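> Right, I'll just put the structure down here and ask away after.
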Amino acid sequence: MLICKKCGSECPDGNIFCEACGAELDAPVLPENIDDKGRVKNKKPKKEKAAKEKKPKPEKKQRSPEEKAALAKKLKLGGICLLVIAVIVLIVVLVNIFGGNEGYNAAQSIPLGRNIEYAQSETGLTFTEKSTNGMINNMCDFDYICISDKTTTVSGSEQPQWVIMLTVDSDDMITDVEYYDFRQLKLNWKGRKMAEKLDQNTLEYGMSIKNVNKTLGLKPYYIKRSVSNDSLYCYRYYFTDPNAGYDRAYNYYVEFSDIELAVRNVSYSEINYAQTILSANPPSAAGRDSDPVVTEEAPAETDVTDEAAETSAE
């Protein structure tokens, strides 16, 4: 409030003349730090920010026509290299998918009950009566054989990746097709390392081959198809026996019905290096026409022919 010096009347702030007598009012003297609206002024004036000096942008290097051509050539070459690598990877994948199963696919496509000429025309393979590999010739009895041109190492010995053997009857018609995949033995003649022995409850009656492979975690080393509409799959594995203190190797046989495409029988036999090297020759199948039975046969002394047929079922 303002006080009129002439009449002493109180007047609102901001009036220039007294409302009572009309005399001119004196404006109040405000402190230096208070503005005319009663707000406290900043004690220190704000420092003006120094304008930042903008650094000049570096000028882009202008490439000569020769440099541009060289860069384009490098980019083109890099693109070609990437394309070549992609093609190589694709080829490797396709070879693993299709080429890796060449022997298996051929063995599965050989028609039973037909002659050898027809089998050769169907598969594109050439079968002979003997192989140049003496060990393979002694694996089991057969009439015709075809072996892979590619090899794999089995316990330090070079062997073909796969072998197909055919047995014919008196009319030269195919009665049995046997397939060996030696790649299943390339790490160890005893087969795949397992934690323990596979027992009779591992597989179930009626199980498909796909589920058998998945359940066992193994691939068959030996497959036999016959005109009896049965197929025999042999798996080779070994484990370290904690009680005996040494490795024990087994051939695990699964008999399938080709009509039902399901497990009919399971059996297994223990093997050893002295007894057999590459053989997959199965024991006599118990209970062929009954419920599945699992049998274990103790290793027996065998000749060279039996030797070759029992170790190859890894």
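The values are calculated or read from the model by the stated rules, or taken from the named source; none is laboratory data. Remember, it's a predicted structure, so these values are computed and weren't measured experimentally. Note: ideal-geometry Cβ built from the backbone for every residue, glycine included; neighbour counts use all protein chains shown. The protein model used for the area step is the full one, side chains on, heavy atoms only, and it has no ligands, DNA or RNA in it. Shrake-Rupley method; radii C 1.70, N 1.55, O 1.52, S 1.80 Å.
> Where the centroid of each part is defined by its Cα atoms, how far is the stretch 189-223 from the stretch 239-259 in Å?
With the stretch 189-223 and the stretch 239-259 each reduced to a Cα centre, they are spaced 9 Å.
> What does the extension gain come out to for ARG63 and ASP26, with contour length at 0.36 nm per residue minus their alpha carbon separation?
Working: separation 37, 0.36 × 37 = 13.32 nm, distance 7.90 nm.
Result: 5.4 nm gained on full extension.
> Same structure, new question: Expressed as a whole percent, how much of the Cα-Cα distance distribution for the stretch 144-201 exceeds 18 Å? Before the final figure, lay out the partial values.
Details: 865 of 1653 pairs.
Result: 52 percent of Cα pairs exceed 18 Å.
> List the extent of the Cα atoms of the stretch 134-235 along each of their three principal axes, largest first, rounded to whole Å.
Rounded to whole Å, the extents work out to 43, 37, 19 Å.
> Then there is this: Quote the accessible area belonging to LYS68 in square angstrom, nearest 10, computed with a 1.4 Å probe and with ligands, DNA and RNA left uncounted.
120
> Give me the percent of DSSP beta bridges within the stretch 132-241 that run antiparallel, rounded to the nearest 5. Walk me through the numbers on the way to the answer.
Values: 24 of 26 bridges.
If we restrict to bridges inside the stretch 132-241, about 90 percent are antiparallel.
> Shifting gears a bit: How far apart, in nm, are two points set 7 Å out from the Cα along the Cα-to-Cβ line at ASP199 and at SER121?
It works out to 5.3 nm between the two label points.
> Further, regarding this structure: Tell me, what is the FRET efficiency for ASN105 and MET173 to the nearest 0.05, using R0 = 25 angstrom and their Cβ-Cβ distance as r?
On the way: r = 22 Å, r/R0 = 0.88.
So, using R0 = 25 Å, E works out to roughly 0.70.
> Once you put a point 7 Å from the Cα of ALA244 and another 7 Å from the Cα of SER226, both along the Cβ direction, what distance in nm separates them?
Output for this residue pair reads 2.8 nm.
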